[in-house]
2 protein chains.
Amino acid sequence: MSNRRAASRVPEMSWFAWGDPSRAEPLSDSVRALIAEALGAELRDLPPVAESEVRLPPSALGGEARTAITAALGGDAGRLRTDDAARLRRSAGKSTPDLLRMRAGAVSEAPDAVLLPAGHDQVEAVLRACSEQGVAVVPFGGGTSVVGGVAPLRGRFSAVVALDLRELDALVSLDEESRTAVLQAGLRAPEAEELLAERGYTLGHLPQSYEYATIGGFAATRSSGQASAGYGRFDDMVVALKAATPRGTLEAGRAPSSAAGPDLRQLLLGSEGVFGVITEVTVRVRPIPRARHDEAWAFPSFAEGAAALRALAQSELRPTTARLSDETETFVNAALSGKQAAPGCLVVVGFDGEAGEVEARRAATAAALTEAGGSALGSEPVADWRHSRFHAPYLRDTLLSAGILAETLETAASWSGLLPLYRAVGSAVSGALEGPEGKAVVLCHVSHTYPEGASLYFTVVTAAGAAPAARWERAKRAAGDAIAAAGGTITHHHAVGTDHRPWMPAEIGPLGAEALRAVKSALDPAGILNPGKLIPEAE
Amino acid sequence: MSNRRAASRVPEMSWFAWGDPSRAEPLSDSVRALIAEALGAELRDLPPVAESEVRLPPSALGGEARTAITAALGGDAGRLRTDDAARLRRSAGKSTPDLLRMRAGAVSEAPDAVLLPAGHDQVEAVLRACSEQGVAVVPFGGGTSVVGGVAPLRGRFSAVVALDLRELDALVSLDEESRTAVLQAGLRAPEAEELLAERGYTLGHLPQSYEYATIGGFAATRSSGQASAGYGRFDDMVVALKAATPRGTLEAGRAPSSAAGPDLRQLLLGSEGVFGVITEVTVRVRPIPRARHDEAWAFPSFAEGAAALRALAQSELRPTTARLSDETETFVNAALSGKQAAPGCLVVVGFDGEAGEVEARRAATAAALTEAGGSALGSEPVADWRHSRFHAPYLRDTLLSAGILAETLETAASWSGLLPLYRAVGSAVSGALEGPEGKAVVLCHVSHTYPEGASLYFTVVTAAGAAPAARWERAKRAAGDAIAAAGGTITHHHAVGTDHRPWMPAEIGPLGAEALRAVKSALDPAGILNPGKLIPEAE
């Protein structure tokens, strides 16, 4: 096992905002005034309280449980932390409702302890101990959930602990012939890429949360990245998984594909820690591409751009990256870069690979996009996107400080259902937010395409108003109901957590929910794992 | 719903052999003598008994159960058959042990009735009735299982029925924009292709069992076809599923991909009827390719051929078909076509698509194969393979009549594990069969490749000997143990049924088995569905 730590650790995530707050830029008064005008609203600042003002509830972890858990952690008391700084930083994910609560210092729920196991065996021992002691466990990776996935819910238990996997950070092995790597779950994406790059390989998995998210989190939430058209969604890249459960270890995946019954990998993928804690993932890797080319195209409308992406997805021409912004997003993104947008909608395509092959794919794709009615814009607009693509969460905090909500939500559907879904969500959200507190600007892009359909990713910008959390909840509920009614999935790559759980009965039906509950009872009979997440309650 | 029947129904499957026995050709005395010499064995004929000599056990279906099931079938008594002809034809699949039993007229187990439901609702009603009445149910599609998947096992119940889905044979809908089709489970592959071809589309799914296998069977067993490199395995092509269970209907799949928890499609795929009966599958379709090109290549050795296929699988160059025969299979296949084999190993690549694009892929693939040490052989050797590719099961019956076992088994592993697995299985099978009754000739090919590994498909030819079933069982056990020890999967595309069940504990571990049992208890609490198949018994 190559268990040296990656050299460049990302800085610790802020407790009240995304990432490293020193990277956030303030909003100029003139831009703020322009936004206020566009939203038709008064804005009022929403500054964060100081950390020293935050009062956490006292730790409810009893002495006996503490002793048992410490023993499971090899008797190392340093692996069980109950200080406020550690607890505060595992009290919430990074959804807008999370940020609003944290900023306000309204931290009414916090884990009673933070556990830092050294490896798989300690994770398994902790789960056994917590099962015996009746302590709820919330697995914690990068803490980047935007759906309440790391909320420290205790369910019917008197205590809850955050199980932080950061010390499971090794590249366990690399099989160059099979092009697979075994990665521990707590590795953050940049660390995993650094360890792989030393050997000439890459995962190519680049979600918005890239800088902080972990390998285990990618697997547990079915993450999808900006280059998933070429490299595949994370769930597509997983060849095998190892998970610790309160009843022991579950390993899935003996071959690339198998007909030996249901695919148990697909039961652990997306399981969000309710069945067990994924500790190790065997994932497909690729040689670092030696060539890359990006280019932008303009299409007259969202519908025509979507038809062009569909033609690509249904051909043998799969770019590594393929995205389409609607008219509003195209305009706003150009404005954010200080540029004039081309009229219509922006399409970005990117190609990773070998030099000659990239050029061949580029040329064939260009021909297809031209035939579909697109106009080539060259590479420059993509450089802006590449440059700022991990910056959006910082911008969200900047806007929030200025009293502006800028939150995202996403879905996916078949191509034939995509435009109706797009219109339904857009008007549901706009309708829910329009009123005395102003209106909403709704941006959308398609960032993941498949032969049979695509994702839709919405960004909603609106004034925070007098009760920002309730205001956002109203929009979110309207969007979720519209998605369910239009037959889309309630989440294409953000996962379920607490926030999408109300729509799970519609998503998987009563028998689907019973199947999940049955698996949970088998693997986690005490029900300590992530109570209140993912699986709908029995009726 | 386009529920007209496909015009060209395949002829009824023989009760003691594969397919339509009129298509089987006899073995000449001279070829038989050559085989006997190669196997170092005396051969003795194994002719089938006449159907009139077969005595089935009387139907054990009680009057009350019969009444309840007939009611579930809409009160149509013609949908519940208990005549010997119907029962005999659902008494076994098509493995060599099945064929040996049937030929000998040793049909000690038969379904007590054959049910012919008219649609999903009747399937669901039947399952409810059988659940209440304590009658085991074996879903029956094409009857092509080679792993005991349709064996009429009754478990702890006093009666068992075969639930034949042949009347669920409609193309329900075709979404041309999303390129998906909703197909009923009982459609045989040629019928499905015919219905799709009328609209210009194809599934491109071509397993050896193509002529008889059904859409539902493909899904329930995770079938993989000869063009799966290009079109994907059947489980990859499934966008949504509908299944009837004793507790109601379960539908899975609202979008191409989703992060809304575990993928329940992947729980039904490969479930072999133990959780429910798949009645409808939404599957990806493609326009019928306008161009096709095949070509053959020679490689000096199996290892070099495998390295070449690996290079293709790990590149962007995915042929629609890619297969590699080892030295023995290359020699034997050429001999069967009355030709002299090129020395070494045969590789076949095929490309479906648009004319210009097929040529570009062919040229790039040819360059890669040349670089990997291959020599081009042109298209002619592939024509032989295409011509005879659905004929192998017929040849198996011909050989069996002449006292020669010719059975297949298959597995898959990572590329780094593939050659060790190949050698381990080959020597385990040869060792198990070598002795006073002669020896075995073991052929192997790679027919499915992935970036991270590939399948191995073995054909074992040996004299039937004095106790053919026991002789084959010895070889099968040796192969299964060798596969489990070498880390391969016990089945890449034949499924589990009864025959691979002994290796399921090694395949999925005790917790994996418990997860499957838990799902089964939730969906089929009475346990009527396919007892004795797939899921290992609790210890």
Those residues of segment B:277-303 which are within 20 Å of B:Val347 (Cα to Cα) and not in a loop (DSSP other than H, G, I, E, B) amount to B:Arg292, B:His293, B:Asp294, B:Glu295, B:Ala296, B:Trp297, B:Ala298, B:Phe299, B:Phe302, B:Ala303
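A quick yes/no check of all residues on (1) farther than 30 Å from A:Gly232 by Cα; (2) in contact with a Leu (Cβ under 8 Å, 6 or more places away or on another chain):
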position	(1), (2)
B:Glu380	yes, no
B:Arg386	yes, no
B:Asp397	yes, yes
B:Leu418	no, yes
B:Ala424	yes, no
B:Ser427	yes, no
B:Ala432	yes, no
B:Gly435	yes, no
B:Tyr450	no, no
Query raised in the report: Would a scan of segment B:432-455 turn up a residue that is polar (S, T, N, Q) and part of a helix (DSSP H, G or I)?
Result: no
Being modelled with pLDDT of 95 or more, buried (at least 24 other Cβ atoms within 10 Å of the Cβ), facing chain A (nearest Cβ under 8 Å) and within 18 Å of A:Leu511 (Cβ to Cβ) narrows B:Ala260, B:Ala220, B:Ala243 down to just B:Ala260
In this structure, does A:Val274 turn out to be among the aliphatic types (A, V, I, L, M), within 30 Å of A:Thr365 (Cα to Cα), outside any helix (DSSP H, G or I) and modelled with pLDDT of 95 or more? no
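One line per residue, one yes/no per condition, for (1) surrounded by fewer than 19 Cβ atoms within 10 Å (Cβ to Cβ); (2) among the small types (Gly, Ala, Ser); (3) more than 21 Å from A:Ser271 (Cα to Cα); (4) facing chain B (nearest Cβ under 7 Å):
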| position | (1), (2), (3), (4) |
| --- | --- |
| A:Ser427 | yes, yes, yes, no |
| A:Gly453 | no, yes, yes, yes |
| A:Ile483 | no, no, yes, no |
| A:Asp499 | no, no, no, no |
| A:Asp524 | no, no, no, no |
Those residues of segment B:304-317 which are small (Gly, Ala, Ser), assigned to a helix (DSSP H, G or I) and more than 15 Å from B:Pro343 (Cβ to Cβ) amount to B:Ala306, B:Ala307, B:Ala308, B:Ala311, B:Ala313
Worksheet item: Restricting attention to segment A:132-140, does a residue exist that is more than 21 Å from the chain's Cα centre (by Cα), surrounded by 24 or more Cβ atoms within 10 Å (Cβ to Cβ), within 14 Å of A:Pro246 (Cβ to Cβ) and not small (Gly, Ala, Ser)?
Response: yes
Looking across segment A:481-539 at residues that are among the acidic types (Asp, Glu) and modelled with pLDDT of 95 or more, the single one that is farthest from A:Phe458 (Cα to Cα) is A:Asp524
Among helices (runs of 4 or more DSSP H) entirely inside segment A:1-102, those with 1 or more residues being modelled with pLDDT of 95 or more, among the hydrophobic types (A, V, I, L, M, F, W, C) and under 26 Å from A:Ala170 (Cα atoms) are A:63-72, A:84-88
Taking segment A:173-191 and keeping residues closer than 17 Å to A:Leu241 by Cβ, more than 11 Å from chain B (Cβ to nearest Cβ) and buried (at least 22 other Cβ atoms within 10 Å of the Cβ) leaves A:Leu183, A:Gln184, A:Ala185, A:Gly186, A:Leu187
The condition from (1) in contact with a helix residue (DSSP H, G or I) (Cβ under 9 Å, 6 or more places away or on another chain); (2) closer than 20 Å to A:Leu153 by Cβ; (3) crowded, with 19+ Cβ neighbours inside 10 Å that A:Asp98 misses is numbered (1)
With criteria (1) surrounded by fewer than 19 Cβ atoms within 10 Å (Cβ to Cβ); (2) over 16 Å from A:Gly253 (Cβ atoms); (3) at the interface with chain A (Cβ under 7 Å from one of its Cβ atoms); (4) not β-branched (Val, Ile, Thr), B:His494 comes up short on (1)
Check your understanding: Regarding B:Pro451, is this residue of a type outside the set (D, E, K, R) and touching a residue at least 24 places away in the same chain (Cβ under 8 Å)?
Key -> yes
Note: among B:Ala291, B:Ala308, just one is touching a Leu at 6+ places or on another chain (Cβ under 7 Å) and closer than 25 Å to A:Gly356 by Cα, namely B:Ala308
Filtering segment A:18-67 for residues that are farther than 22 Å from A:Pro97 by Cβ and hydrophobic (A, V, I, L, M, F, W, C) leaves a count of 8
Taking segment A:340-382 and keeping residues under 23 Å from the mean Cα position of the chain (by Cα) and among the aliphatic types (A, V, I, L, M) leaves A:Val347, A:Val348, A:Val349, A:Val382
In segment B:103-130, residues that are assigned to a loop (DSSP other than H, G, I, E, B), over 15 Å from B:Asp76 (Cα atoms) and in contact (Cβ under 8 Å) with a residue 12 or more places away in the chain total 8
Among helices (runs of 4 or more DSSP H) completely within segment A:318-395, the ones holding 2 or more residues that are within 14 Å of another protein chain (Cβ to nearest Cβ) and of a type outside the set (Asp, Glu) are A:355-371
Subset of segment B:263-292, residues of a type in the set (A, V, I, L, M), within 7 Å of chain A (Cβ to nearest Cβ) and in contact with a Pro (Cβ under 6 Å, 6 or more places away or on another chain), comes to B:Leu267
Log entry, pairs with first residue in segment A:375-396 being under 13 Å from A:Asp294 (Cα atoms), second being assigned to a helix (DSSP H, G or I) and not aliphatic (A, V, I, L, M), beta carbons closer than 8 Å, six or more apart or on different chains, reads A:Ala376/A:Thr370; A:Asp384/A:Asn333; A:Trp385/A:Asn333
The condition of being within 14 Å of chain A (Cβ to nearest Cβ) and on the phi > 0 side of the Ramachandran plot holds, among B:Gly487, B:Gly465, B:Gly512, only for B:Gly487
For A:Gly509, indicate whether it is in contact (Cβ under 8 Å) with a residue 12 or more places away in the chain and either under 25 Å from B:Thr245 (Cβ atoms) or of a type outside the set (Lys, Arg) (or both). no
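The values are calculated or read from the model by the stated rules, or taken from the named source; none is laboratory data. The structure displayed is predicted, hence computed values, not measured ones. Every residue, glycine as well, gets a Cβ built from its backbone with ideal geometry; the counts of neighbours run over all protein chains shown.
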